[in-house]
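Asks: Input: one structure, supplied below.
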Amino acid sequence: MLTAPVPVPTTAPVIDCGSPLCYNAAVSRWIIHLDMDAFFAAIEQRDHPEYRGHPVVVGGEADRRGVVATASYEARPYGVHSAMPTAEARRRCPHAIFLLPDHHKYSQVSRQIMGILHTFTPLVEQVSVDEAFLDITGCERLFGPPPEMARRIQERVLQETQLTCSLGVAPNRFLAKVASDLRKPAGLVVVDPNSVEDFLRDLPIEKLWGVGEVTAGALRRLGLTTVGRLAAYPREILEERFGEHGRHLHALAHGQDDSELTLGAQRKSLSAETTFARDTSDPELLDATLLDLSERVGQRLREQALAGSTIVLKLRFADFRTLTRRETRSEPTSEDLVIYHTAHRLLQPHLGAGRQFRLLGVGVSNFTAPGQPTLFAASHRQRPVDAALDQIRAKHGDAALRRARLVRKTAPDGKEPETD
Ligand SMILES: [Mg+2]
């Protein structure tokens, strides 16, 4: 049953300059960070008007320990957020509309958005399906001052995709990323290069890059709860305690980041990862996750006409220890099952007596453009299957066709359970 509609997010951009000096033409570098708002859920609401104004949760299935990928803004007041078990989301917001993700559709929309960004500058770093950095240094003559250019980008994305995004405009990547997150949805936040420390002062330390639960806990024990407190703390002590990481955190707390954008042509690898809602040692869940990740990576490789010869498996254990294992094959591949079987093999030595996993990732690197079919002779058999899967998904969405191993016990539309 549906509750009364909640107002949909505003589409009017919010310009928050912090101070009247928000735009300084003398600043040497301007970066925009764009982040789509509740991306998967917003696409579903766009394509299904009957979902608009209602809580929508896109994610894996509750009975398979699935995890929420995106919750619409209407679902968030109920405490539903991404990476939460779908079962928990159902408890908190039973009347929400629960949908399985359609990654193929989302990556098509993603390509459309990246296309819009490339009409502003070739210097676009796509960091995920719904997130990108743009280096707009020196674009003023074409598009006006950076805040104006950001507003234009936001408008074009809205006009052409009917989706809202939030943008941060700042003198570096780190600040732009922090800024885009502050006024979601449909936000536009400009960081005044002259008052960067004011901008950061009251933010919780979790906003800093590289501060996960463990580092945050350690910093909080030192009384360093805000970025401002961290900035005022002696760098030497941070370095003593956290090594190189401490030095980096100190620089970020002062708003310093000189990292460069990684541009498309320099892309060295393609990967996908999943953080489990609860740490798991369930071999069936681990295996289904590996296959799902391998299919996602394979599909994206084929969409971009890429093939790579190194398969990478990333593991994070319950204690946050993180490992990567890789295997380099004699020929490049973009095939789901080749990726999956390699990742599966790499995983085996790490399974064992109750060992708990927090995260699994699968990647492919060491790219070459796909060569002659003969180069693929040994692993040629699956290619027509992958192509057929891609075509059917393009037409009917991801849920239309999945490998038997991925078919859930209950079909998404509530029909009779499928068998393996
Ligand atoms: Mg987003």
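The values are calculated or read from the model by the stated rules, or taken from the named source; none is laboratory data. Note that this is a predicted model, so its numbers are computed, not measured. Please note: Cβ atoms are built from the backbone with ideal geometry, for glycine as well, and neighbour counts cover all protein chains shown. All accessible areas refer to the heavy atoms of the entire protein, side chains included, with ligands and DNA or RNA removed. Shrake-Rupley method; radii C 1.70, N 1.55, O 1.52, S 1.80 Å.
Asks: If you check every pair at least six apart or on different chains, which have Cβ atoms under 6 Å apart with a residue in the stretch 100-121 that is in contact (Cβ under 8 Å) with a residue 24 or more places away in the chain first and a residue that is of a type in the set (Phe, Trp, Tyr) and crowded, with 21+ Cβ neighbours inside 10 Å second?
Replies: Filtered contacts from the stretch 100-121: Pro101/Phe40; Tyr106/Phe40.
Asks: Just give me the residues in the stretch 31-61 being touching a helix residue (DSSP H, G or I) at 6+ places or on another chain (Cβ under 9 Å), open to solvent by 30 Å² or more (accessible area, probe 1.4 Å) and either assigned by TED's automatic domain parsing to the domain that holds Thr280 or more than 16 Å from the ligand (Cβ to nearest atom) (or both), in sequence order.
Replies: Passing the criteria: Asp47, Tyr51, Arg52.
Asks: Something else about it: Restricting attention to the stretch 103-126, which residues are under 14 Å from Gln304 (Cβ atoms) and polar (S, T, N, Q)?
Replies: Ser107, Gln108, Ser110, Gln126
Asks: Further, regarding this structure: Across the stretch 62-95, which residue is nearest to the ligand (Cβ to nearest atom) among those that are within 14 Å of Arg278 (Cα to Cα) and in a strand (DSSP E or B)?
Replies: Val68
Asks: What single numbered condition from (1) over 16 Å from Ala305 (Cβ atoms); (2) open to solvent by 50 Å² or more (accessible area, probe 1.4 Å) fails to hold for Thr368?
Replies: (1)
Asks: What about Leu142, is it crowded, with 21+ Cβ neighbours inside 10 Å, outside the structural domain of His245 (by TED's automatic domain parsing) and out of contact with any Gly (no Cβ under 7 Å at 6 or more places or on another chain)?
Replies: Considered against the rule, which asks whether it is crowded, with 21+ Cβ neighbours inside 10 Å, outside the structural domain of His245 (by TED's automatic domain parsing) and out of contact with any Gly (no Cβ under 7 Å at 6 or more places or on another chain), Leu142 comes out as no.
Asks: Quick check: anything in the stretch 303-325 in contact with a helix residue (DSSP H, G or I) (Cβ under 6 Å, 6 or more places away or on another chain), in a loop (DSSP other than H, G, I, E, B) and either modelled with pLDDT of 90 or more or open to solvent by 50 Å² or more (accessible area, probe 1.4 Å) (or both)?
Replies: Yes: one or more hits.
Asks: Could you please let me know if Leu375 is surrounded by 14 or more Cβ atoms within 10 Å (Cβ to Cβ), among the aliphatic types (A, V, I, L, M) and either at pLDDT below 90 or more than 21 Å from the chain's Cα centre (by Cα) (or both)?
Replies: So Leu375 passes the test.
Asks: Hey, another quick one. Please tell me if Ala216 is in contact with a Lys or Arg (Cβ under 7 Å, 6 or more places away or on another chain) and within 30 Å of Gln356 (Cα to Cα).
Replies: no
Asks: Filter the stretch 101-123 down to the residues that are more than 16 Å from the chain's Cα centre (by Cα) and either within 17 Å of Leu158 (Cα to Cα) or crowded, with 20+ Cβ neighbours inside 10 Å (or both) and list them by number.
Replies: Gln112, Gly115, Ile116, Leu117, His118, Thr119, Phe120
Asks: When only residues in the stretch 191-214 that are among the β-branched types (Val, Ile, Thr) and touching a Phe, Trp or Tyr at 6+ places or on another chain (Cβ under 7 Å) count, which is modelled with the lowest pLDDT?
Replies: Per the stated criteria, the residue is Val214.
To keep it simple, each residue is scored yes or no on (1) buried (at least 16 other Cβ atoms within 10 Å of the Cβ); (2) free of Cβ contacts under 8 Å to residues at least 60 places away in the same chain.
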site: Val191; (1), (2): yes, no
site: Asp198; (1), (2): no, no
site: Asp202; (1), (2): no, yes
site: Thr215; (1), (2): yes, yes
site: Arg229; (1), (2): yes, yes
site: Pro234; (1), (2): no, yes
site: Ile237; (1), (2): no, yes
site: Glu244; (1), (2): no, yes
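Asks: Would you check which residues across the stretch 177-189 are over 16 Å from Ala42 (Cβ atoms) and open to solvent by less than 10 Å² (accessible area, probe 1.4 Å) and list them?
Replies: Within the stretch 177-189, Val178, Ala179, Leu188, Val189 qualify.
Asks: What do you reckon, is Val27 at pLDDT 95 or above, away from the ligand (no atom under 13 Å from the Cβ) and not aromatic (Phe, Trp, Tyr)?
Replies: No, not satisfied.
Asks: Further question: If only one of Ala272, Ala253 is farther than 29 Å from Val362 by Cα, in contact (Cβ under 8 Å) with a residue 12 or more places away in the chain, crowded, with 17+ Cβ neighbours inside 10 Å and touching a helix residue (DSSP H, G or I) at 6+ places or on another chain (Cβ under 8 Å), which one is it?
Replies: Just one listed residue meets the conditions, Ala253.
Asks: Considering each residue of the stretch 275-285, count those that are surrounded by fewer than 19 Cβ atoms within 10 Å (Cβ to Cβ) and among the hydrophobic types (A, V, I, L, M, F, W, C), and give that number.
Replies: Residues in the stretch 275-285 being surrounded by fewer than 19 Cβ atoms within 10 Å (Cβ to Cβ) and among the hydrophobic types (A, V, I, L, M, F, W, C): 1 in total.
Asks: OK, next. Of everything in the stretch 124-139, what is within 13 Å of the ligand (Cβ to nearest atom), open to solvent by 20 Å² or more (accessible area, probe 1.4 Å) and not β-branched (Val, Ile, Thr)? Give them in sequence order.
Replies: Gln126, Ser128, Asp130, Glu131
Asks: Please specify each residue of the stretch 145-154 satisfying the condition of being in contact (Cβ under 8 Å) with a residue 24 or more places away in the chain and either among the acidic types (Asp, Glu) or open to solvent by less than 30 Å² (accessible area, probe 1.4 Å) (or both).
Replies: Pro146, Pro147, Met149, Ala150, Ile153, Gln154 - these are the residues of the stretch 145-154 that are in contact (Cβ under 8 Å) with a residue 24 or more places away in the chain and either among the acidic types (Asp, Glu) or open to solvent by less than 30 Å² (accessible area, probe 1.4 Å) (or both).
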